1. Given the conditions (1) under 30 Å from residue 306 (Cα atoms); (2) outside the structural domain of residue 326 (by TED's automatic domain parsing), and given that residue 338 satisfies all but one, which numbered condition is not satisfied?
2. Output the residue which, of all residues in region 347-361 that are over 13 Å from the mean Cα position of the chain (by Cα) and closer than 28 Å to residue 325 by Cβ, is surrounded by the most Cβ atoms within 10 Å (Cβ to Cβ).
3. Please verify whether region 307-314 includes one or more residues that are among the hydrophobic types (A, V, I, L, M, F, W, C) and within 22 Å of the chain's Cα centre (by Cα).
4. Here is a list of conditions, (1) surrounded by 14 or more Cβ atoms within 10 Å (Cβ to Cβ); (2) over 20 Å from the mean Cα position of the chain (by Cα); (3) of a type outside the set (A, V, I, L, M, F, W, C); (4) modelled with pLDDT under 95, and residue 92 meets all of them except one; can you say which number that is?
5. Does residue 97 qualify as being within 20 Å of residue 231 (Cα to Cα) and modelled with pLDDT under 95?
6. Take the residues in region 298-346 that are touching a Cys at 6+ places or on another chain (Cβ under 7 Å) and surrounded by 15 or more Cβ atoms within 10 Å (Cβ to Cβ), then tell me which one is farthest from residue 215 (Cα to Cα).
Amino acid sequence: MNRPAVDEEDVRRIVREVIASQAATQADRLSNSSTVGKSGRAAVLTAPRTLEIKRFPLRDIRSDEILVKVEACGICGTDIHCYNSDPFGLTPVVLGHEGTGEVLQVGSEVKMDSVGKPVKVGDKIVTSILENSEECMIAKYNPLKSNLCDDLKVYGLLPDEADNHFNGYFGEYLIIRPGSSFFVVNEVSLELRCLIEPAAVVCHAYQRAKDVGMRLNFRARVIVQGCGPIGLLMVAVLRTAGINNIIAIDGNPERLRMAASLGADETLNYKDYGGIDELAAKVESLTKGVGAHAGFQVTGVPQAFANLFKCIRRGGGICEVGHFVDGGECSVNPHHDICRKEITVTGSWVYNSFEYPNAYHFLQRAERIGLPVSSLVTHKFPLDRIQEAFDVNLRQEGVKVMVEI
């Protein structure tokens, strides 16, 4: 068979095309070195209530890592606990786990995110938990409960490393290591991206309540006790899920107004009542005289947990969401509060990585039906003013304080 001749110019053209294609692929995998600095700044918690802006060298990423230019990160209640007392003994540490950023470099071994989306330079990403160790018996035998592993890890709560100080989102860069769960979220706004992590907390709590049989249908009357960022997102997830009777309880009038905008039908300021008996009587008047079907406790105050039992009907349930750290003890009457009423009580502990897609779809759906979840971000500060940002959060001014990097 005669084959067409290939002259020398054709060979040169083919070689040029191959080289150009390889160069384009490499450009997709690794950003131009001129766009990545040799060092970057990070806010380091060096002692309780002491944040220092420091500059660290930025090492080259490895083939199984991703380099991210951080864009913003919300301040979480957990960050505040660490800031106040370093309860986990992490200092010095770069905090920040409600963050997001843009991919600058992608190691050659990394092809896609945790749900199979291709990942490339320029993508917007968020991270979830890191994979658990092989020794964790909980994750090994019940992967759906891997959030209960003692060695659970998230960026922003990782010890400092000699060759990598960019382990939290309160820095200019973040190096995503092997075994991390991360998600490409290009279609989500900056504010919503910073709300995905707390949204995963409330999506997990909602699912926990459903899993133990709490009545969460269109007819259910549900209490959300505590209207901080998590409580307000709890209101929004209940409304988005179709709950039509939501009672929000808090002591801050502005946060109660926001709860109403996010779907609460009734807002009760507990300071307007002479104690739990009066407050419980008001709840009964709003629930046909029998109390709420379910309640989500999101305050982190032990006595508030004890009080919530008085507002729940016989056969109802309580989901405890607010005690991420030990806030102390409270007194519950086992007969009156639990046994006689046959109350279901369950706890909710952070989330699993597979709940992140559910969380960002919830946020998108909430905005689509008119719930202003982005308005939860009430304050924005640059990295240089992060100390001020933490002080505003401590004074409980606004709702979600965001640090833009």
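The values are calculated or read from the model by the stated rules, or taken from the named source; none is laboratory data. Keep in mind that what you see is a predicted model, and the values were worked out from it rather than measured. We place every Cβ from the backbone using ideal geometry, glycine too, and count neighbours over all the protein chains shown.
1. Failing condition for residue 338: (2).
2. Across region 347-361, the extreme among qualifying residues is 348.
3. Looking through region 307-314, none of the residues is among the hydrophobic types (A, V, I, L, M, F, W, C) and within 22 Å of the chain's Cα centre (by Cα).
4. (4)
5. The answer is no for residue 97.
6. 302
Rundown of residues vs (1) hydrophobic (A, V, I, L, M, F, W, C); (2) part of a helix (DSSP H, G or I), yes/no style:
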site: 367; (1), (2): no, yes
site: 370; (1), (2): no, no
site: 386; (1), (2): yes, yes
site: 390; (1), (2): yes, yes
site: 397; (1), (2): no, no
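Residue-wise test of (1) touching an Asp or Glu at 6+ places or on another chain (Cβ under 7 Å); (2) at pLDDT 90 or above; (3) closer than 30 Å to residue 365 by Cβ; (4) aromatic (Phe, Trp, Tyr).
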site: 121; (1), (2), (3), (4): yes, yes, yes, no
site: 127; (1), (2), (3), (4): no, yes, yes, no
site: 135; (1), (2), (3), (4): no, no, no, no
site: 138; (1), (2), (3), (4): no, no, no, no
site: 165; (1), (2), (3), (4): no, yes, no, no
site: 168; (1), (2), (3), (4): no, yes, yes, no
site: 172; (1), (2), (3), (4): no, yes, no, no
site: 186; (1), (2), (3), (4): yes, yes, yes, no
